[in-house]
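Quick one: structure below, then a few questions.
The values are calculated or read from the model by the stated rules, or taken from the named source; none is laboratory data. What you see is a predicted model; the values in this text were computed from it and never measured. All Cβ positions, even for glycine, are placed from backbone atoms using ideal geometry, and neighbour counts span all protein chains on display.
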Amino acid sequence: MSNIIKNPEDNFIEKKTPRPLIEIHTTQSENTLIITLCDNGGGIDSDILSRIFDPYFSNKSDRNGTGLGLYISKIIIEEHRKGKLEAYNQNGGVCFRITLNVTLS
C-alpha cells in the first residue's frame, strides 16, 4: 500500500499542489474489507488510466520511476490476497480501491 501513497506524494511535489490531501477510508462488512485512498492531485489522464498497473509503465516526468510499484501492488493484492485493486478519477484526484475478502473472528 505504500506505493499507492508514495505516488500521489511525488505528484503533489511535481505539480506544486496547494493543500495536498490523501484521504483514507475503510469499510468493513461480514466478509469484505474495502480500503479507499483518494487524493486531490489532479487525477490520472484518462488515456493512461487503464495502463497504470502494467509492468514498467511510468508517467513520471523525471523518469526515475521504474513502473513496477503499482504493478507489484496489484499482484500482491489480487494474486496473493485474492482481492481487487482498481483506480478511478474522482473530484479532481485519483482514488484507489482495495477490496479484500476477510474472515472475522
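Looking for whichever is touching a His at 6+ places or on another chain (Cβ under 9 Å) and among the hydroxyl-bearing types (Ser, Thr, Tyr) here; the options are Thr32, Thr36, Thr17, Thr26. Which one fits?
Thr36
A further question on this structure: Can you name the condition, by its number, that Ile77 falls short on among (1) in contact with a Lys or Arg (Cβ under 8 Å, 6 or more places away or on another chain); (2) surrounded by fewer than 16 Cβ atoms within 10 Å (Cβ to Cβ); (3) not in a strand (DSSP E or B); (4) not acidic (Asp, Glu)?
(2)
I'd like to know if the range 51-74 contains one or more residues that are within 30 Å of Thr103 (Cβ to Cβ), of a type in the set (A, V, I, L, M) and out of contact with any strand residue (DSSP E or B) (no Cβ under 9 Å at 6 or more places or on another chain).
yes
Can I ask one more? Which of the residues belonging to the range 2-23 are exposed (fewer than 13 other Cβ atoms within 10 Å of the Cβ) and either of a type in the set (Gly, Ala, Ser) or under 30 Å from Thr103 (Cβ atoms) (or both)?
Ser2, Lys6, Glu23, listed by residue number.
Can you tell me which residue among Thr27, Thr17 is modelled with pLDDT of 95 or more, of a type in the set (S, T, N, Q) and out of contact with any Lys or Arg (no Cβ under 6 Å at 6 or more places or on another chain)?
Checking each option against the conditions leaves just Thr27.
Given Thr26, Thr36, which one is more than 13 Å from the chain's Cα centre (by Cα) and not in a loop (DSSP other than H, G, I, E, B)?
Thr26
Go through the range 1-36 and report how many residues are under 22 Å from Phe53 (Cβ atoms), in contact (Cβ under 8 Å) with a residue 60 or more places away in the chain and either touching a strand residue (DSSP E or B) at 6+ places or on another chain (Cβ under 7 Å) or not basic (Lys, Arg) (or both).
Qualifying residue count for the region: 10.
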